[in-house]
Amino acid sequence: MISEKMEKAFNEQINKELFSEYLYLSMQAYFERMNLTGFTNWMTVQVQEEHAHAMGMYTYLNERGGKVELMAIDKPQTDWASPLDVFKHVLEHEQFVTSCINKLMDVAEEEKDRAALSFLDWYLKEQVEEENNVGGVLAKLELIGDDKHALLLLDKDLATRTFVAPVIG
Ligand code: FEO
């Protein structure tokens with residue numbers, strides 16, 4: 001059985017992962033409007049990843065005898081100034097999520113919930129990968145600047161990203 005405090009913290013994080021899914025879906029729509037199919041694909045994969053992150057916690061909470069309580073999802077931003085602006089936002093958001101996972105682990109430590117700590121280790125590693133991945137695209141966009149030809153080459157590159165369902169925990 002999971003503690004009430006831990007249950008609440010997991011439910012809040014499920015909401016944040018679902019908001020991430022929603023935010024990236026909004027970014028996906030932005031890239032679709034721009035006809036940048038590779039960037040759109042990158043976001044589609046990101047949306048799927050966030051859904052998997054939320055469901056990983058949903059399943060875990062159920063397994064531990066906790067109650068999943070879904071909350072309202074905030075309205076995400078719908079417009080950005082440029083692809084560079086989008087990826088700056090993505091990096092900022094992922095850094096925020098990393099801090100949330102760290103706080104969730106702090107709660108698990110306070111509650112002496114070693115099982116939850118071990119489970120959350122996967123999320124911590126995932127955040128390192130996410131920030132690195134996003135930082136890579138952001139660095140390329142900064143190099144590209146106003147070069148539209150280079151932007152289209154990056155778009156082609158991002159079209160190759162595929163979703164691999166993660167094995168969480
Ligand atoms: Fe679920 Fe991108 O963090």
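Here, each number is a calculation from the coordinates, and none is a lab measurement. Everything quoted here is computed from the prediction, not taken from an experiment. Positions of Cβ are backbone-derived with ideal geometry, glycine not excepted, and every protein chain shown enters the neighbour counts.
Please give me the summed charge of the neighbours of ARG64: other residues whose Cβ is under 11 Å from its Cβ, Lys and Arg +1, Asp and Glu -1. Taking every Cβ under 11 Å from that of ARG64, the sum is -2. From the alpha carbon centroid of the range 1-24 to that of the range 124-141 is 22 Å.
For LYS156, the aspartates and glutamates whose Cα comes closer than 16 Å to its Cα, not counting residues fewer than 8 places off in the same chain, are GLU32, ASP147. Computed on the range 60-142, with alpha-carbon pairs under 8 angstrom and 6+ residues apart, the relative contact order is 36 percent. Annotation: extensible slack from ASP121 through ASP79 equals 11.7 nm (criterion: 0.36 nm per residue apart, minus Cα-Cα distance). Over the chain, Cα pairs under 8 Å with separation of 6+ residues give a relative contact order of 34 percent. Helix 114-144 and the longest principal axis of the C-alpha atoms of the chain enclose an angle of approximately 10°. Would you mind pulling out the separation of the Cα centroids of the range 27-52 and the range 55-100, in Å? If we compute the Cα centre of each part, the gap is 15 Å. In this simple spin-label approximation, LYS103 and VAL68 carry label points 7 Å from Cα along the Cα→Cβ vector, and these lie 2.3 nm apart.
Using a simple spin-label model with pseudo-atoms 7 Å out from Cα toward Cβ, GLU111 and THR37 lie 4.6 nm apart.
When the pairs LYS16/LYS125; LYS88/LYS140; LYS8/LYS103; LYS16/LYS75; LYS75/LYS112; LYS5/LYS103 are compared against a 23 Å limit on Cα-Cα distance, LYS75/LYS112 fall above it. Sorting 102-114, 51-63 by average packing, meaning the other beta carbons within 10 Å per residue, from highest down gives 51-63, 102-114. Calculate I(q)/I(0) for the range 1-120 by the Debye formula, one identical point scatterer on each C-alpha and no solvent, and give its log10 at q = 0.19 Å⁻¹ to two decimals. Ignoring solvent entirely, the Cα scatterers give -0.97.
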